[in-house]
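> Structure incoming, see below.
The values are calculated or read from the model by the stated rules, or taken from the named source; none is laboratory data. Remember, it's a predicted structure, so these values are computed and weren't measured experimentally. Positions of Cβ are generated from backbone atoms using ideal geometry, with glycine treated the same way; all protein chains shown enter the neighbour counts. Protein only, heavy atoms only, side chains kept; ligands, DNA and RNA dropped before computing areas. Shrake-Rupley method; radii C 1.70, N 1.55, O 1.52, S 1.80 Å.
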Amino acid sequence: EDNDLEDIESLLERIEDPRLAPQSQGGVSTDSRPLLYVEHRNLNPENELKRYFGARAVLGDQRPRQRQRQYVRSMWLTAPKNTWPRYSKTGITMQLLDTRRGVQHFSFEHHREYQQVQFKFLDAVESMDPNNIVLLLQMNPYHVDSLLQLSDVCRMQEDQEMARDLIERALYSLECAFHPVFSLTSGTCRLDYRRPENRAFFLALFKHLMFLEKRGCPRTALEFCKLILSLDPEDDPLCVLLLIDFLSLRAREYSFLTRLFQEWESHRNLSQLPNFAFSVPLAYFLLSQQEERPELERSQAREQAARLIQLALIMFPSVLMPLLDHCSVQPDARVASHPFFGLNAQISQSPALNQLTSLYVGRTHALWKDPAVMAWLEPHTHEVLRMVDARDALVQEAEHKRKIRYQSAPRNIYRHIILSEMKEATAALPLEVTSQPVMGFDPLPPLDSIVSYTRPERTSHPSNESTLSLFFRSLLPNFNLQGDMRHDGDDEAGAAQDLNQGVNRLMAAMRDMLANIQFQEPPREDNAEGDGDWD
């Protein structure tokens, strides 16, 4: 049975293999899928693990048990588990807002019952007690924000398995609410991050892909990254452009990375991001090392790699020394002593640029440890130093760009750094970001949020209490100067009566406190005069 299933799966993979797509008369593939096209089979991490280890090693003895499994909906983003609570409608739906130029704009919506649960969740978060979120999930097991927040708690407690399971359950809950025409694969469906109801989907996808990458499934993580980018490619609210190059290199999808750079460089200036400036030439170099490619294509890749890595070193000289340090590589005397790559290059750069370079080095340094990569990097580093000594115009232009640009980072970059938890980059965050509380279910919400419903005001009014009232409350927890507040506050007679009652309560509380004070007499001793020392 295992062998038959493996044959079927391999046949399906061959059918879906883009390399076997029909060819035109000119020998060029007619596959003209969009850049951010998402393949359903690449969203399942089991498919990637089976390619590495085989179906028998991944699935084990799961198949016989699946025959007795209860019926559950088939999903693309995650596979429902028998251990999960039974699913029932949560009160989340998705609406099609409009269609413009072939692009469909959707939005999640919270019904009234879900809004009530959301208000209880916010109360639980303010209590700073995770047990309150657990209690809320027991009553509402598919409340998305509770699942996201509790996942962060489990991850901080080193319970990675539970943290990952909660994120998958959140994705399952959101996918059950999809609109019938919402497509994960077309690349033409949009969600606006400014709407709070949509943010949970972005965050759940991002946290899920981070777990997938750590699990050793970079190809699946890349597909989820493409999905996030396709939901809002213009604003990129989680700034996954800072991550997609790393996942492409890890998954060995070098052609996708170079295609992304070629198609988006003209209108997105990807070369002005340190991660693209260095990762794209690395991708070209690794393409040139693939012997199965034609020699002409490999030669062109080598030329592109050489040109782009020199431009990257000229534009971002502060990357080289930290990168070599993380790779435990000692530079030669000329590079180590030259001021262009020295400590001044790191000190003189703006804080915003420092965050980008620190994030890139901390995330991707392992990809540069290959001796072949270091051997390729060395001569280009010396060529850049030659251009610097010759006062090449490119060097002067790059220095001018660094001074003008990167004055401050946009909010989505801060959001990405917080979610990535890369210590090298979080240490460089500005005080205005680190000084405010950051919630896992909604880190750094947009300043121009589109709010569809608001949380009702709390019934208690502790801010109206006087300093004297707060003092007595600290001594007598049950004391309340204001008593039961009247709702008809405009009634002057009622207000005067409340004031009199408050004064009477205050006086009664003072008498009660003074009556309960007991002065303890010092112990009497037989020897009144005493012969002890005062020392």
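> Taking the solvent-accessible surface of protein heavy atoms with a 1.4 Å probe, what is the per residue accessible area of region 252-436 in Å²? Each step should come with its number before you reach the end.
Values: 9090 Å² over 185 residues.
Ligands and nucleic acids excluded, the figure is 49 Å² per residue.
> In debye, nearest 20, what is the charge dipole magnitude of region 252-436 about its Cα centre with +1 on Lys and Arg Cβ and -1 on Asp and Glu Cβ, if you could check? Walk me through the numbers before you get to the answer.
Numbers: 19 positive and 20 negative charges, 104 e Å.
Here the size comes out at about 500 debye.
> Continuing with the same structure: Express the carbon and sulfur contribution to the solvent-accessible surface of region 252-436 as a percent, rounded to the nearest whole number, probe 1.4 angstrom. Walk me through the numbers before you get to the answer.
Numbers: 4720 of 9090 Å².
Carbon and sulfur atoms account for 52 percent of the accessible area of region 252-436.
> Continuing with the same structure: Where in region 92-124 does the label zone of residue 181 land, with the point 7 angstrom along Cα→C-beta and an amide N cut-off under 20 Å?
93-109
> With a 1.4 Å probe and all protein chains kept in place, how do 101, 215 rank by accessible area, largest first? Mind dumping the intermediate values first?
Details: 101 235, 215 95 Å².
Descending accessible area places them as 101, 215.
> Loop-only GluC sites (Glu not before Pro) in region 233-279, please: DSSP not H, G, I, E or B, and at most 11 other Cβ atoms within 10 Å.
Values: sites: 234, 253, 263, 265; in loops: 234, 253.
Of the GluC sites (Glu not before Pro), the ones in loops of region 233-279 whose Cβ has at most 11 other Cβ atoms within 10 Å are 234.
> Quick one: length gained pulling residue 302 to residue 436 fully straight, 0.36 nm per residue minus the C-alpha distance? Write down the numbers at each step before the final one.
On the way: separation 134, 0.36 × 134 = 48.24 nm, distance 4.68 nm.
Full extension from residue 302 to residue 436 adds 43.6 nm.
> Then there is this: In nm, what is the difference between 0.36 nm times the number of residues separating residue 115 and residue 334 and their Cα-Cα distance?
Values: separation 219, 0.36 × 219 = 78.84 nm, distance 6.37 nm.
The span from residue 115 to residue 334 would gain 72.5 nm if fully extended.
> May I ask you to list the GluC sites (Glu not before Pro) in region 402-447 that are in a DSSP loop and have at most 15 other Cβ atoms within 10 Å of their Cβ? It would help to have the intermediate numbers written out before the result.
Numbers: sites: 421, 424, 432; in loops: 421.
Taking region 402-447 and a limit of 15 other Cβ atoms within 10 Å, the loop GluC sites (Glu not before Pro) found are 421.
> At a 10 angstrom cut-off on C-beta neighbours, averaged per residue, how do the peptides 200-206, 285-291 rank from highest to lowest?
Values: 200-206: 23.4, 285-291: 16.9.
The most tightly packed comes first, giving 200-206, 285-291.
> Normalised by the residues of region 252-436, what does the relative contact order come to in percent, with Cα pairs under 8 Å and at least six apart?
22 percent
> Sticking with this structure for a sec: Note down the nm distance, to one decimal, between modelled labels 7 Å out along Cα→Cβ at residue 375 and at residue 161.
Modelled inter-label distance: 4.4 nm.
> Another one. Give me Rg/Rg_expected for region 252-436, where Rg uses Cα atoms only and Rg_expected = 2.2 N^0.38 Å with N residues.
So region 252-436 has a normalised radius of gyration of 1.04.
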